[in-house]
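Any read-out appearing in this document is the output of simple, stated calculations on the displayed coordinates, not a laboratory observation. Only a predicted model underlies this, so the values are computations on that prediction, with no experimental measurement involved. With ideal geometry, Cβ positions are generated from the backbone for all residues, glycine too; neighbour counts draw on all protein chains shown.
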Amino acid sequence: MTKRRLTDEQMVTILREADKAPVAEVAKKHRISEQTIYNWRQHFGGLEAADVKRLKQLEQENARVKKMLADRVLELDVMKEIDGKKCMVRPGFASEPCATKQFA
């Protein structure tokens, strides 16, 4: 038997069906195991199909925001590291900024 991939919305629809009919009957109808339905119940709880779409969108947005935050924290750490380093200033050029310093 080949494995087929169901969308989250399809899973929730099957779960709502299983709420109204015996799990064994619904599992047989959709050619999935009863345990699969119980696993989906643990994962999706009482969500509706529209809620699953919204949840997926929020998870994607959350991941994007976390990545942006991590990038900004990294930039800040690099800037602090650069700012904290001592500049090697040539005699007579005490006001020379670190960014323009050249190393041999």
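Return an integer: the convex hull volume of the alpha-carbon atoms of region 19-60, in Å³ per residue. Before the final figure, lay out each step's value.
On the way: hull volume 3.5 nm³, N = 42.
Looking at region 19-60, the number lands at 84 Å³ per residue.
Which translational diffusion coefficient, to the nearest whole µm²/s, is obtained for region 8-83 from the Stokes-Einstein equation, given a Kirkwood hydrodynamic radius over C-alpha pairs, 4 °C and 1.567 mPa s? All intermediate terms of the calculation are to be shown ahead of the outcome.
On the way: Rh = 15.1 Å.
This corresponds to a translational diffusion coefficient of 86 µm²/s.
Determine the gain in length on full extension of the stretch Ala50-Met79; use 0.36 nm per residue of separation and subtract their C-alpha separation, reporting nm with one decimal. Don't jump to the answer; show the numbers that get you there.
Values: separation 29, 0.36 × 29 = 10.44 nm, distance 4.37 nm.
Residue separation times 0.36 nm, minus the Cα-Cα distance, leaves 6.1 nm.
Tell me, what is the FRET efficiency for Glu59 and Ser33 to the nearest 0.05, using R0 = 30 angstrom and their Cβ-Cβ distance as r? Each step should come with its number before you reach the end.
Working: r = 26 Å, r/R0 = 0.88.
Taking R0 as 30 Å, the efficiency between Glu59 and Ser33 is 0.70.
Counting pairs of alpha carbon atoms under 8 Å apart in space and at least six apart in sequence, what relative contact order in percent does region 8-83 give?
Working: 31 pairs, mean separation 26.6, N = 76.
Reported relative contact order: 35 percent.
Listed here are the pairs Lys28/Lys67; Lys3/Lys56; Lys29/Lys53; Lys29/Lys67; which of them are more than 31 Å apart at the Cα? Write down the numbers at each step before the final one.
Details: Lys28/Lys67 42 Å; Lys3/Lys56 23 Å; Lys29/Lys53 25 Å; Lys29/Lys67 42 Å.
Among Lys28/Lys67; Lys3/Lys56; Lys29/Lys53; Lys29/Lys67, the Cα-Cα distance tops 31 Å for Lys28/Lys67; Lys29/Lys67.
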